[in-house]
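Shown next, in C-alpha cells, is the structure this report addresses.
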Amino acid sequence: MTIQGDARPATVESFRRAVGRFATGVCVVTARDAGMDHAMTANAFTSVSLEPLLVLVCVETEARFHDAITAAGAWAVSILDASGRPAADWLATRGRPLHGQLDRIPFHRGPATGAAVLDRSTAWLECRTEAVYPGGDHSIVVGEVVGVGLGDDSTGALLYHRSAYRGLDGRR
C-alpha cells in the first residue's frame, strides 16, 4: 500500500499543520481566583472517564490563565455554540486586559463552582481540579465534573479546523 501525501520532518510547523487537520470543538475555560475572573479559549479539551466523571484541559504554562486555574482549584468549561466565535476570538487574544475581560460576554455563575459559564454554550461543565500533570510546555489539568448544564444547541457547535472556525449545525 502506498501512502499518498507529503511526508515531512517533524517540526513545530509541520506538527501544527498536521494536528490542525483534526477538527475539534471550541470551548472557553474559566476560573475565579481572588475575586477575579480568568478565561481562555481552548480546543485541547476532552472527556477522560465516566467513573469518576473526569475531563482534562491543556493549559500553556506561560499563560497567565495557568496560574489562575491551578490556584482556583475549581473551573468551568463552556462548550461554545456556532455563534460563539466572537467570544472565542476575544478570549484567545494574548495580552488582552485582565480586568473586565468578560464584560462584553454574557455569562452566569455556575452554582457548583462560582466560575463564569458563557450563556452561548451548547453545554457546560463545572469541575474541581483532581490532578495537574506536566506536558511539555503545557500542563494537563484533570478535573472531576461536579456540575453539568445543557444549553440551546439549535445553532449547532463551533468547531476549529485548519486554523479556522467553522460551524456544525448537527444535521446528519
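Every number here is computed from the coordinates shown, using simple stated rules; none is lab data. Computed from a predicted structure; not experimentally measured. Neighbour counts run over all protein chains shown; Cβ positions are idealised from the backbone, glycine included.
When only the Cβ of Lys, Arg, Asp and Glu is charged (+1, +1, -1, -1), the dipole of the chain relative to its Cα centre reaches about 580 debye. Computed over the Cα atoms of region 79-160, the ratio of the radius of gyration to the Kirkwood radius (Rg/Rh) comes to 0.98.
Note the full-extension length gain between residue 16 and residue 53 as 0.36 nm times their separation in residues minus their Cα-Cα distance, in nm to one decimal.
Going from the current span to full extension adds 10.3 nm.
Here is the P(r) of region 18-73: all C-alpha pair distances, binned every 5 Å from 0, give 4, 17, 23, 22, 18, 11, 4, 1 in whole percents.
In loop segments of region 1-107 as defined by DSSP, the trypsin sites (Lys or Arg not before Pro) with at most 12 further C-beta atoms inside 10 Å of their C-beta are 21, 94, 104. Between residue 90 and residue 133, the FRET efficiency from the beta-carbon distance, with R0 = 25 Å, is close to 0.30. Taking all Cα pairs closer than 8 Å and separated by 6 or more residues, the relative contact order of region 15-104 comes to 34 percent.
With one equal scatterer per alpha carbon and no solvent term, the Debye-computed log10 I(q)/I(0) for region 1-45 at 0.22, 0.32 1/Å reads -0.85, -1.11.
Note that the chain shows a convex hull volume over its alpha carbon atoms of 152 Å³ per residue. Take the Cα of residue 62, step 7 Å toward its Cβ, do the same at residue 150, and the gap between the two points is 4.2 nm.
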